[in-house]
Every structure is written in structure tokens, then in C-alpha cells.
Amino acid sequence: MESGRAPNVSAHGATIPVVGYGTMLYPEPERAVGLIAHAIEYGYRHIDTARKYGSEQWVGEAIRGSGVPRDELWVTTKVTEENAKADDFARSVDTSLQTLGLDYVDLLLIHWPQPSVPLEETLEALAKAKRDGLTRHIGVSNFTVALLDEAVAKCSEQIVTNQVEYHAYLRQDKLLTACARHGLFVTCYAPVARTRLLDDPVITEIGTAHGKTAAQVALRWLVQQPQLVVVPRAVEFSEIEEDIDLFDFELSDDEMSRIGALRDKNIRIVDPEARRPVWDEG
Ligand SMILES: NC(=O)c1ccc[n+]([C@@H]2O[C@H](COP(=O)([O-])OP(=O)(O)OC[C@H]3O[C@@H](n4cnc5c(N)ncnc54)[C@H](OP(=O)(O)O)[C@@H]3O)[C@@H](O)[C@H]2O)c1
């Protein structure tokens, strides 16, 4: 089997593979461990999970079965907004580690902002998890520019990423600029826009020109930009392989611009009414 491998990006001492395997939503849960195991066997060294996904146990099983040394793998997990208070946060981290069967994760994220709990309290719980050695690095997810600025200013430990929806159909200029200003890498979720990008004529035409699939073009467009990390989720072995085989071709400046122009569609897919902050437009 040919092994896919992704290069790394670094921010504030964190060095992360730019392609991670997303583990949200397995339509057939009984296949989950096999799929995660396949990703690791194929060469993925970065797995994205969360308490909310219910996939931590499967991630732990796949890691234990892989034979890959722990320090060669990057594992991210997240604490949900229901656990934003300090005690709940600490309990959630303990449960995550127990469920994963790991002593530490590489990255711990606040999954969504929680307006009913002071941000300082959640940030301090996040920073404490790092100081206690439960995570090597910390970050946030679904934070707007204003929330990110506040988090960076108030957190006693360095934030390394904001994990947000980003793909060629969504304008995220303001957020990307803010992340760059803080020296973060951006983790892009829903990177193929949950398949919406896969029928786009611009993407498919460029794919044909390079002998690559639409998913590979959509992902390559992201990882060819500075400091971007992608966490696609696929439940077919062949798609898992495709999603990391992105480093044997390059998009031209013209192709990058043509794909970049698709952002005028401005489609946001993950927008849960109960959790969403007031998103930055543009
Ligand atoms: N922080 C957050 O709030 C947040 C929110 C959402 C997601 N995430 C993370 O981001 C990950 C990915 O996001 P997502 O699942 O929402 O969106 P996504 O990766 O853009 O889309 C997943 C869909 O794309 C398809 N796909 C992937 N690779 C493909 C390929 N090579 N060829 C054809 N189809 C392909 C999958 O098809 P199949 O099902 O057929 O494999 C699946 O239906 C999640 O697993 C999670 O780890 C984080």
C-alpha cells in the first residue's frame, strides 16, 4: 500500500500535520475503528475528535492497534460548550482522556463559545489542562474575530489555532487575517463543504487537468495557502487515501484565483441556531 503523508505547519511551538482525519458522524459506527485504523495505516498522523462526536473511544482503539508510537501521532479533542464552567471542563477533559485511553492529547479546543459563562473562566480551565500536562497545546473553535482577540488577550497560555468552517464556498478573510495577526494556524473543518464542492464545474475541470479528483483539488486549494490545516472526513477507504494524497501536484496561481473566486457564493454549512456566535461577514 502506498503511504500518504502530509507535511507540517508550526505555530507557537506546535508542529501539526496539515491533513488530519476528521471523525465526526459515522453512519455505520461498527466500521469506525477500521476506518480510523486505515487512515493511520495509510499515513495520517493527525486525528480530529471531540467529546461531542462520540468517536474518542474508536480513535483510542485504532491508535492502540496501529503500532504507531504515541509521540508520532497528533490527537485533537474538544470540550463542548455545555462544559464551559471550570469544574465541568476539567471533568470533560478527564473523561476524554479516559475514553481515548491516552495520558495526554496534543491539542485541546474549546468547541464552541458559551456566552452564559465568562470566557475567562473557560480559558483558565483550558490553560490549566495544559499546565497539568493533559494537553500539549490549546486552541479554540468557532470563535469570531472579536472572541479570538479576547481569548488571545486573556488566556494565560498560548493559543495555537482556531478551528473554523472554511472551504472555497465561504468567505473567511477577516478571520484568516485575525489568525495570521495572532500567529496561529487555522484548522479548516468541512473542507470539502460536505460534498457541495465536489460537483462544482471549476473544481472538476481543474481536477481533470491534473488527473485529480474534485475532493483533492478542494483540499489542495486550502493546504496550498499558508498556515492552513484541513480535517476532512471520509468513510470509504479510497476517499481516506485521496484526501491525503495532495502533495504530488500544485495548483497554478490562476487556478488558485479561479477557485478563490467561488467564495462569492458564501455558503456556511455549520450554523447551529443554539450555538452560533454572530459570525464575521466577509
Ligand atoms: N469544530 C467544529 O465545530 C467542527 C464542525 C464540523 C466538523 N468538524 C471536523 O471537521 C471534520 C470534517 O468536516 P465535515 O465532515 O463536516 O465535512 P467535510 O469533510 O467537508 O465533508 C464530509 C463529506 O465529504 C465526503 N468526502 C470526503 N472526502 C471525499 C472524497 N475524497 N471523495 C468524495 N467524497 C468525499 C464524505 O463522504 P463519505 O461520507 O461518503 O465518506 C462526507 O460525506 C469532522 O469530521 C470534524 O472532525 C469540526
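Only the coordinates and a few stated rules stand behind these numbers; no lab work does. All values reported here derive from a predicted model rather than from experimental measurement. Note that each Cβ is placed from the backbone with ideal geometry, even for glycine, and that neighbours are counted across all protein chains shown.
Observations, loosely collected:
- The order of the peptides 101-108, 202-209 by mean Cβ neighbours within 10 Å, most packed first, is 101-108, 202-209.
- Taking 23 Å as the straight-line reach from the Cα of K130, the lysines in range (excluding those fewer than 8 positions away in the same chain) are K52, K78, K85, K154.
- 16 Å cut-off, amide nitrogen to a point 7 angstrom out along D253 Cα→Cβ, residues in the range 205-244: 225-226
- Tensor-based shape of the chain (alpha-carbon gyration tensor, a/c under 1.5 rounded, otherwise prolate or oblate): oblate
- Sequence-ordered 3J(HN,Hα) estimates for the range 218-225 from the Karplus curve with 6.51, -1.76 and 1.60 and θ = phi - 60° stand at 4, 6, 4, 4, 6, 6, 7, 8 Hz, glycine and proline given as x.
- Estimated FRET transfer efficiency (D87, T15; beta-carbon r; R0 30 Å; 0.05): 0.40
- Extension reserve of the A146-E28 stretch, reckoned as 0.36 nm per residue once the Cα distance is removed: 38.6 nm
- The range 187-232 and the range 59-91 have their alpha-carbon centroids 27 Å apart.
- DSSP beta bridges fully contained in the chain are about 15 percent antiparallel.
- Separation in nanometres of the label points that stand 7 Å from Cα toward Cβ, at F237 and Q98: 3.6 nm
- Inter-part distance where the range 99-145 and the range 11-45 are each reduced to a Cα centre, Å: 20 Å
- Ranked by the mean number of other Cβ atoms within 10 Å of their residues, highest first, the peptides 38-51, 164-177 fall in the order 38-51, 164-177.
- Eligible aspartates and glutamates near K174 by straight Cα distance, threshold 14 Å, same-chain separation 8 or greater: D149, E165, D280, E281
- Net lengthening on full extension, R276/Q227 (0.36 nm per residue, minus Cα-Cα): 15.2 nm
- Label-zone membership for the range 242-262, site E205, 7 angstrom Cα→C-beta point, backbone N under 12 Å: 255, 258-259
- Comparing V9, H167, A274 along the charge dipole axis of the chain, the residue lying farthest to the positive side is A274, per the Cβ-charge model.
- For a modelled paramagnetic label at R194, 7 Å from Cα along Cα-to-Cβ, the residues of the range 265-282 in reach, with backbone nitrogen under 18 Å, are 265-277, 279.
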